[in-house]
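Data block below; observations after.
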Amino acid sequence: MCITEPLKWKLRANTCVAYSFGINNDISFDLSADALGCTVHAFDHTIDALPNTTDKTAKHNIKFHKLGLGWSTETHNQLKSLAQIMHENKDETIDYVKMDIEEHEWGVLSELLQQNESESALSKIDQLCLEIHFTTNEHTHTVEPSEIATLQALARRFDLYYRDENF
């Protein structure tokens, strides 16, 4: 999380909102954002509850939702679009979104990027953290062109602060 001037003001005013999609057994991001003073909405439809923690520094303003992030054309009843989730939580903007949704990021990002900028939930996010799962062609060992195009489109909206290869 980059502590920018606008985020500093939100932290001081206790109005910081973070969404964390894809938790499994790792709530380190959620605890860090909580310790900073953010309200954290933690989403994962594959687990029943947040893992137990003994972290004494956290304020534990973490709200667990047994729900996953999807796109509007998906029919899975445990997945909702970002716009639907924001509407249900009454969040007009999100200060930080962490997304680690195991290859489903491509459908979600594609839909967000295709929406009109003023209507897209993507335009209501200040910072976006992604764990990307590339699809590689078996024969050429190259990344799918649509995934490169998606990242290029994101680069026009967000600045890259950090990248790390995770094999």
Share, in percent, of DSSP beta bridges within region 1-144 that are antiparallel, nearest 5: 5 percent
Value of [θ]222 nm, deg cm²/dmol, for the chain, DSSP H segments ≥ 4, -39500 (n - 2.57) each, nearest 500: -8000 deg cm²/dmol
Among 146-159, 90-103, the order from most to least packed when residues are scored by Cβ within 10 Å on average: 90-103, 146-159
The chain: projected area of the alpha-carbon convex hull, averaged over directions, in nm²: 10.8 nm²
Extension reserve of the residue 148-residue 115 stretch, reckoned as 0.36 nm per residue once the Cα distance is removed: 10.0 nm
Set of aspartates and glutamates with alpha-carbon distance to residue 124 below 14 Å, sequence-local pairs under 8 removed: 91, 92, 95
Computed label-point distance, nm, for sites residue 136 and residue 63 using a 7 Å Cα→Cβ extension: 4.1 nm
Overall dimensions of region 100-162 by Cα: Rg and Dmax, Å: 12.5, 40
Nearest-10 value in Å² for the accessible area of residue 2, using the 1.4 Å probe: 40 Å²
Contour excess over end-to-end distance, with Cα ends at residue 159 and residue 78 and 0.36 nm allotted per residue: 26.0 nm
Average projected area [Cα convex hull, region 1-55], square nanometres: 3.9 nm²
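The values are calculated or read from the model by the stated rules, or taken from the named source; none is laboratory data. As the structure is a computational prediction, the values presented were derived from the model and not from experiment. We place every Cβ from the backbone using ideal geometry, glycine too, and count neighbours over all the protein chains shown. What goes into the accessible areas is simple: the full protein's heavy atoms, side chains included, and nothing from ligands, DNA or RNA. Shrake-Rupley method; radii C 1.70, N 1.55, O 1.52, S 1.80 Å.
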